[in-house]
Amino acid sequence: MSEKTEVNLTGVKKTKGVWLVKVPKYLSQQWDKATEKEEVGKISIGKKQGKTEVCFSLNEDLAALGAVGEKDASLQVPRDHPFTMHTVGGQTLAVFSQSATDEINLEGMVVHRAECRPVISDSYMKIKRLQIESVKPQRLSQQLDRAITTAFKPVANHDFNVVYEKKKKSEGKMVRAERQVVLDMLFSAFEKHQFYSFKELVDITKQPVTYLKEILKEIGTCSRKGAHKSSWELKPEYRHYQSAEEEEMISSGKGH
């Protein structure tokens, strides 16, 4: 918006309250596939035990188009997306529109904020796994065809190097497995238990500590307090379950 642009406030007294909803990227991409007048989905608002529940259901045809950017056309994106409601928090938020003539109009004031989250399913978990595979690793190994010489060479072996070599010999050298193999081992382990210590995950995967932690940070979080302090669990988007806190947030969503 340029400095000389004016905002049309003629309809400010008739301004309606609007909802500000955060949606997953794949959902907005599926909406873009709809034709101009095609229905993208429906929102249902109901009561359960005196509390308001809001849920968005994606159009069945759009869900059947397959995951965005995936080669497997048989994959379906989740259809049901419950809302997690939040307060506006004392903020003043507004929605504006811009016409073809660059006129700015005030459309409404935000009265509710919400997050649109998918219901976790096997198909959704497969989509997330494929998305992880498609991300290019930050570090790549490269085979050199000749030795790399440097101007300075060590003349003595430091004490900590001696200790490290002894430890490596006693424990055995851990060889890096393919990234997807490590992910499969981790996902398989977390299907059995919710929490693991890092040492347990090292024992399960037999991977170098630095390499394993690099992969683990992408799909998991480490508890810093409570009964499971220093234990690892999957991030919410990779879980086959919902935590008690998430279930409570969804069931206690505020109505409009």
Problem set entry | Set Lys25, Lys128: member being of a type in the set (Lys, Arg) and either at pLDDT 85 or above or surrounded by 11 or more Cβ atoms within 10 Å (Cβ to Cβ) (or both) | Lys128
Exercise. In region 3-16, what count of residues is obtained for those that are surrounded by 10 or more Cβ atoms within 10 Å (Cβ to Cβ) and either at pLDDT 85 or above or part of a helix (DSSP H, G or I) (or both)?
Worked result: 1
For this session: Consider Gly255 carefully, then state whether it is open to solvent by less than 30 Å² (accessible area, probe 1.4 Å), at pLDDT below 55 and either in contact with a Phe, Trp or Tyr (Cβ under 9 Å, 6 or more places away or on another chain) or small (Gly, Ala, Ser) (or both).
Result: yes
Exercise. Considering region 176-208 alone, what residues qualify as being more than 19 Å from Ile132 (Cβ to Cβ) and without any contact (Cβ under 8 Å) to a residue 12 or more places away in the chain?
Worked result: Lys192, His193, Lys199, Glu200, Val202, Asp203
Seminar exercise, completed: Counted residues in region 167-201 being at pLDDT 70 or above and open to solvent by 60 Å² or more (accessible area, probe 1.4 Å) come to 12
For this session: Determine whether region 77-95 contains at least one residue that is at pLDDT below 85, among the hydrophobic types (A, V, I, L, M, F, W, C), open to solvent by 70 Å² or more (accessible area, probe 1.4 Å) and part of a loop (DSSP other than H, G, I, E, B).
Result: no
Problem set entry | Qualifying positions in region 183-208 - among the acidic types (Asp, Glu) and either in a loop (DSSP other than H, G, I, E, B) or closer than 24 Å to Val77 by Cβ (or both) | Asp184, Glu191
Exercise. Applying the selection to region 209-226, what residues are in a loop (DSSP other than H, G, I, E, B) and either under 14 Å from Gln180 (Cα atoms) or open to solvent by less than 30 Å² (accessible area, probe 1.4 Å) (or both)?
Worked result: Ser223
Exercise. Which pairs do you get when a residue that is more than 14 Å from Gln180 (Cα to Cα), found in region 125-146, comes within reach of a residue that is at pLDDT below 75 and open to solvent by 60 Å² or more (accessible area, probe 1.4 Å), reach meaning Cβ atoms under 8 angstrom, with the pair 6+ apart or on two chains?
Worked result: Met125/His240
Problem set entry | Count of residues meeting criterion [assigned to a loop (DSSP other than H, G, I, E, B) and either among the hydrophobic types (A, V, I, L, M, F, W, C) or open to solvent by less than 80 Å² (accessible area, probe 1.4 Å) (or both)] in region 131-148 | 6
Exercise. Do we have any residue at all in region 232-250 that's more than 19 Å from the chain's Cα centre (by Cα) and at pLDDT 65 or above?
Worked result: no
For this session: Determine if region 37-47 includes at least one residue that is at pLDDT below 85 and either outside any strand (DSSP E or B) or touching a strand residue (DSSP E or B) at 6+ places or on another chain (Cβ under 9 Å) (or both).
Result: yes
Seminar exercise, completed: When region 92-121 is checked residue by residue, the ones that are in contact (Cβ under 8 Å) with a residue 12 or more places away in the chain, polar (S, T, N, Q) and touching a strand residue (DSSP E or B) at 6+ places or on another chain (Cβ under 8 Å) are Thr92, Asn105
Exercise. In region 227-243, what residues are surrounded by 13 or more Cβ atoms within 10 Å (Cβ to Cβ) and farther than 22 Å from Ser123 by Cα?
Worked result: His228, Ser231, Trp232
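The values are calculated or read from the model by the stated rules, or taken from the named source; none is laboratory data. Remember, it's a predicted structure, so these values are computed and weren't measured experimentally. Neighbour counts run over all protein chains shown; Cβ positions are idealised from the backbone, glycine included. Accessible surface is based on the protein model in full, side chains and every heavy atom, while ligands, DNA and RNA are left aside. Shrake-Rupley method; radii C 1.70, N 1.55, O 1.52, S 1.80 Å.
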